[in-house]
Amino acid sequence: MLGGLLIVWLLAGLLRPLHADETRRRLRVPILMYHYISVPPPDADRYRLDLSVTPDQFAAQLAWLRDNGYSAVSLDDVYLALTEGYPLPPRPVVLTFDDGYADAYQHAFRLLREFGMTGTFFVITGWIDAGTPGYLTWAQAREMAAAGMSIQSHSRTHPNLAGADCDYDCLVYQILGSVETLEAELGTRPRFFCYPGGRYDQAVLELLPQVGIVGAVTTHAGTLHVSDRLLEMPRARVRGTTTLDDFAWMVQTWRE
């Protein structure tokens with residue numbers, strides 16, 4: 001395991017950007033955080049209700065973005081803007097979806113294509129491998145990637161990665177394992193990571209770059225990003241209770 005990891009470390013070094021400079025940059029780009037894009041079932045608990053944005057709500061939010069001149073950009077775009085000064089469109093926004101639920105394909109992917117936008121989907125590779133009901137399949141993930149969607153890592157089985165709950169071997173299994181699975185299934189090595197449950201510690205922050213991860217998103221609230229904290233990018237959570245006015249405020253005004 002360690003020999004293989006050392007090889008990955010070397011490869012990760014080769015994959016680092018050639019033109020990144022030492023300039024400290026600060027940008028405001030809303031990275032929107034979604035989970036379910038579906039109508040909750042009748043027996044949904046408060047967590048499912050909170051995490052569920054209906055297809056109609058999502059379509060209305062995409063229409064608002066389009067009508068107000070916003071462009072859906074990728075995390076790669078944001079990374080290049082922060083590390084190299086890469087120009088972004090006047091009103092950029094990133095659309096991210098956690099966990100890889102089946103409705104990511106059924107509704108989110110469908111609506112993104114309808115509005116000519118792209119999204120980033122953080123998937124749990126072990127659950128796709130196991131054919132877990134309610135989650136994406138690899139065939140769906142490949143179709144989404146071929147259509148321009150970004151499929152990135154959300155670990156192998158979604159454990160708490162922080163502290164004693166996950167030792168070094170566990171971190172390698174969860175992070176490197178998911179990265180290698182995504183590369184094998186989709187043909188592209190992922191560059192971005194989403195912390196399961198938003199939990200991470202220094203050991204996680206140190207391992208991510210060693211396996212080629214250049215940026216990671218958190219559950220911390222905010223829309224401002226700095227070039228020296230690429231592994232701790234905040235997001236704006238979109239909830240089932242988020243009204244269109246709330247959504248517009250998050251995207252247009254919120255500057256934390």
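Return, ordered by residue number, the residues of segment 234-250 whose backbone nitrogen is under 12 Å from a label point located 7 Å along Cα→Cβ of Ala44.
239-242
Of all the Cα-Cα pairs you can form in segment 138-207, what percent are over 20 Å apart?
30 percent
Summing -39500 (n - 2.57) over the DSSP H runs of n ≥ 4 in the chain and dividing by its residue number, what mean residue ellipticity at 222 nm do you reach, to the nearest 500 deg cm²/dmol?
Mean residue ellipticity, 222 nm, calculated: -10000 deg cm²/dmol.
Could I have the simple spin-label model distance between Glu206 and Ala63, label points 7 Å from Cα toward Cβ, reported in nm to one decimal?
Calculated label separation equals 5.2 nm.
Is there a quick way to get the dipole size of the chain? I mean about its Cα centre, with the Cβ of Lys and Arg at +1 and of Asp and Glu at -1; what is the value in debye to the nearest 20?
Dipole about the Cα centre, nearest 20: 580 debye.
Calculate log10 I(q)/I(0) of the chain for q = 0.07, 0.11, 0.12 Å⁻¹, where I(q) comes from the Debye formula with a single equal point scatterer on each Cα and nothing for solvent.
-0.22, -0.57, -0.69
I'd like the isolated cysteines in the chain, meaning no second cysteine's beta-carbon lies under 4.7 angstrom from theirs.
That list is Cys194.
Can you find, among Asn160, Thr243, Val217, the residue farthest towards the positive end of the dipole of the chain? Put +1 on the C-beta of Lys and Arg, -1 on that of Asp and Glu.
Selected residue: Thr243.
Counting other Cβ atoms within 10 Å of each Cβ, which chymotrypsin sites (Phe, Trp or Tyr not before Pro) in segment 160-256 have at most 15 and sit in a DSSP loop?
Trp254
For Tyr86, project a label point 7 Å along Cα to C-beta. Then give me every residue of segment 184-205 with its amide nitrogen under 18 Å of that point.
Once the point is set 7 Å along Cα→Cβ of Tyr86, 188-194 turn out to lie under 18 Å by backbone N, inside segment 184-205.
Suppose we keep just the alpha-carbon trace of segment 44-187; what are its Rg and Dmax in angstrom?
Taking only Cα atoms of segment 44-187, I get Rg and Dmax of 16.4, 48 Å.
Readers should treat all values here as calculations from the given coordinates under stated rules, not as data from a laboratory. Everything quoted here is computed from the prediction, not taken from an experiment. Using ideal geometry, Cβ is built from the backbone for each residue, glycine included, and neighbour counts are taken over all protein chains shown.
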